[in-house]
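Worksheet: one structure, shown below.
Quick note: the coordinates plus some simple rules give every number you see, no bench work behind them. Bear in mind the structure is a predicted one, so any value in this text is a computation, not a measurement. Every residue, glycine as well, gets a Cβ built from its backbone with ideal geometry; the counts of neighbours run over all protein chains shown.
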Amino acid sequence: MEHYDFIVIGSGRASNFAIRAAKLGKKVAIIEKDKLGGVCPNKGCVPSKLLIGYANKIREIKSCKKHFIDAKIENIDVKKIFEEVNDYIEQVDFRYQERLKNVDIYRGCASFIQNHIINICDNFGKNISLSADKIIIDTGSRPMKPPFENALTSDDIFPFKREMPKSMVIVGGGAIACELGNFFSAVGTKVIQIVRGQGLLKNEDEEIIDIFTKEYSENIDVRFKTFIDEAVFCNNGFDIVMKNTDGIKDKLRVDVLLYAIGRESNADILKLENTDIKLDSRGYITRNKYFETDAKGVYVIGDASGKNMLQHTAAYEANHLAKVLLENENIPLEFKYIPHAIFSYPEIASVGLSAKKAEELGIKYISYTHNWLASAKAMSLKESFSRTKLLVDPHTYEILGAHLIGYESATMIHQILAVMNIDNDIRHLKEMLYIHPALNEALLSASVGIIKKIREYQG
């Protein structure tokens with residue numbers, strides 16, 4: 001049986017750990033049942049954002065009228081768009097092979113025989129066993145399975161090798177549903193989005209949600225408090241019966257039915273019953289702040305732990321794990337602030353507490369919402385909905401939460417993040433020198449506004 005210093009199960013962000021360990025002379029194996037790189041570059045963040053780039057350009061052209069420009073789109077070559085995105089995906093595995101050239105790569109499905117012994121079943125049904133001093137689990141998560149046969153998930157979008165749908169129903173109200181809804185709507189697909197609850201993006205600040213929903217619904221037919229009662233696939237399409245909470249039914253036929261209702265753990269394929277590893281109530285692997293599972297010498301990062309299921313947090317965790325295991329820095333993982341973005345239209349970026357969450361926790365705050373139109377650069381964009389909402393502790397001036405909606409929000413929020421991470425005080429955001437009339441001046445105005453409110457509160 002081949003023995004290693006480290007075995008890494010899954011080739012997502014933990015591949016960075018594998019590369020660093022190999023450079024230090026460690027004997028490292030990585031096991032991957034699908035394409036190298038994991039979900040992000042193959043089926044998630046990267047290809048979806050490539051699509052969003054096209055959607056943004058289409059919406060920009062369509063909005064020319066408000067800039068007194070007559071413009072029309074004569075053709076959108078969606079086939080070429082997906083060919084380009086698919087070409088990128090096809091290169092991902094090879095690029096990771098190059099990066100992992102000093103790591104032994106095993107293709108197949110991994111499962112535990114014991115705490116430190118792994119079985120690999122390859123694509124031909126052949127089994128091989130490996131052992132290691134330390135094992136890192138980075139098996140990610142998967143989309144929840146649709147309840148109807150032939151319905152798609154986000155995994156089925158990349159690579160996209162089917163006819164472009166003229167119509168589709170998207171089930172779900174989260175980030176993935178709203179990002180894909182934005183793209184397909186932009187390229188001409190009639191999109192109906194079904195949301196069982198009362199609103200979209202339930203984890204965002206309510207004020208931001210209201211603005212987003214109003215603008216998003218201009219392009220997508222969103223049905224709230226609704227679910228699919230029946231869905232039958234026939235003649236290359238779906239006959240669907242929708243039902244709302246009042247019991248009213250609506251029938252329609254669409255080309256594609258896509259479910260984006262959340263993600264679930266991949267831990268069930270690992271045969272963890274053969275180990276001391278424990279799962280939480282949702283089926284994710286439990287760990288402490290040093291990434292340690294209940295099996296000594298076995299660690300878990302990324303989505304596999306069910307915590308902070310974002311690519312950038314997984315990358316941060318992989319880097320921190322390398323410090324713990326390769327540099328002997330016995331420092332627990334602490335995320336001070338975790339930002340996130342929703343690349344739809346409009347774009348949203350957030351960090352910290354929403355107003356609702358602060359109230360639930362009993363945290364005192366002052367909030368201020370600023371319209372970007374006070375900035376000349378923002379005025380030129382003619383997006384009247386753009387806002388910055390700040391939540392600040394009225395006694396310490398600590399930024400508790402920041403929520404942006406508008407053009408390049410995901411870029412702009414990093415200025416606030418820098419202040420929060422270095423010395424969290426809203427006054428620093430106000431005192432720095434801004435380029436005039438850059439879009440970031442909207443942050444200056446927001447900081448001035450909330451400091452004024454705080455001083456009024458203080459009397």
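Within the set K249/K389; K66/K389; K161/K190, which residue pairs have Cα atoms separated by over 28 Å?
Numbers: K249/K389 39 Å; K66/K389 26 Å; K161/K190 19 Å.
The answer is K249/K389.
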When segment 1-87 is reduced to its Cα atoms, the Kirkwood hydrodynamic radius in Å: 16.5
With only helices counted (DSSP H, runs n ≥ 4, each -39500 (n - 2.57)), the per-residue ellipticity at 222 nm for the chain, to the nearest 500, works out to -10000 deg cm²/dmol
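Pull out a ≥ b ≥ c, the square roots of the eigenvalues of the alpha-carbon gyration tensor of segment 154-262, then state rounded if a/c is under 1.5, prolate if not and a/b is larger than b/c, and oblate in the remaining case. Show your work: numbers first, answer last.
Working: a/c = 1.88, a/b = 1.22, b/c = 1.54.
Note, shape of segment 154-262 comes out oblate.
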Roughly how many nanometres apart are two label points built 7 Å out from the Cα toward the Cβ at T369 and N319? 3.4
Which entry in (i) 69, 63, 43; (ii) 73, 54, 40; (iii) 65, 57, 52 is this structure's computed Cα extents along the principal axes in Å? (i)
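Output the antiparallel fraction of DSSP beta bridges having both residues in segment 154-262, as a percent to the nearest 5. Display every interim value, and only then the final one.
Values: 14 of 27 bridges.
Of all bridge pairs located within segment 154-262, approximately 50 percent are antiparallel.
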Output ordering of 355-367, 285-297 (per-residue mean of other Cβ within 10 Å, highest first) is 285-297, 355-367
Charge dipole of the chain about the Cα centre (unit charges at C-beta), most positive-ward option of V46, S217, L272: S217
Charge dipole magnitude, Cβ of K and R +1, D and E -1 - segment 46-120, Cα centre, debye nearest 20: 400
Filter on K364/K452; K57/K80; K49/K243; K307/K336; K271/K296; K43/K243 - keep pairs with C-alpha separation over 21 Å: K49/K243; K43/K243
Sequence order, segment 379-393: Karplus ³J(HN,Hα) from phi using 6.51 cos²θ - 1.76 cosθ + 1.60, θ = phi - 60°, Hz rounded, Gly and Pro as x, gives 4, 5, 6, 6, 10, 5, 7, 4, 9, 10, 10, 10, 10, 9, 5
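For K126 and S63, what does the FRET efficiency come to when R0 = 60 Å and r is the distance between their Cβ atoms, rounded to the nearest 0.05? Kindly include the intermediate steps, with their values, before the conclusion.
On the way: r = 56 Å, r/R0 = 0.93.
Efficiency computed from Cβ-Cβ geometry: 0.60.
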Cross-link partners of K134 among aspartates and glutamates (Cα-Cα below 18 Å; sequence separation of 8 or more within a chain): E2, D5, E32, D104, D276, E292, D294, E317, E327, E329
Taking r as the C-beta separation of T396 and F148 and R0 as 60 Å, the FRET efficiency to the nearest 0.05 is 0.70
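Determine the gain in length on full extension of the stretch A71-E206; use 0.36 nm per residue of separation and subtract their C-alpha separation, reporting nm with one decimal.
Working: separation 135, 0.36 × 135 = 48.60 nm, distance 3.52 nm.
Roughly 45.1 nm would be gained on extension.
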Could you tell me what % of all Cα pairs in segment 346-458 have separations over 17 Å? 50
I'd like to know which of S167, L400, G10 lies farthest towards the positive end of the charge dipole of the chain, counting +1 on Cβ of Lys and Arg and -1 on Cβ of Asp and Glu. S167
Send over the semi-axes of segment 263-381's equivalent ellipsoid, whole angstrom and largest first, taken as the square roots of 5 times the C-alpha gyration tensor eigenvalues. 37, 17, 16
Projecting each Cα onto the charge dipole of the chain (Lys/Arg +1, Asp/Glu -1 at the beta carbon, about the Cα centre), which of S386, I208, A151 comes out farthest on the positive side? S386
Calc'd 3J(HN,Hα), segment 224-230, phi into Karplus 6.51 cos²θ - 1.76 cosθ + 1.60 (θ = phi - 60°), Hz, glycine/Pro = x, comes to 8, 6, 9, 9, 8, 8, 9
Given labels modelled 7 Å from the Cα in the Cβ direction, how far is it in nm from T245 to I422? 4.6
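Take each uninterrupted DSSP H stretch in the chain, measure its Cα extent along the helix axis, and return the ones at 20 Å or beyond whose mean Kyte-Doolittle hydropathy is at least -0.5. Please report the intermediate quantities before stating the final value.
On the way: long enough: 45-62 (25 Å, 0.13); 78-99 (32 Å, -1.08); 311-326 (22 Å, 0.00); 409-423 (22 Å, 0.91); 441-458 (26 Å, 0.16).
Helices meeting the criterion: 45-62, 311-326, 409-423, 441-458.
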Roughly what would the spin-label model give for D294 and Q97, points 7 Å off Cα along C-beta, in nm? 4.0
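What shape does segment 413-459 take by its C-alpha gyration tensor, where a ≥ b ≥ c are the square roots of the eigenvalues and a/c under 1.5 counts as rounded, a/b above b/c as prolate, and the rest as oblate? Before the final figure, lay out the partial values.
Details: a/c = 2.52, a/b = 1.34, b/c = 1.88.
Here segment 413-459 falls in the oblate category.
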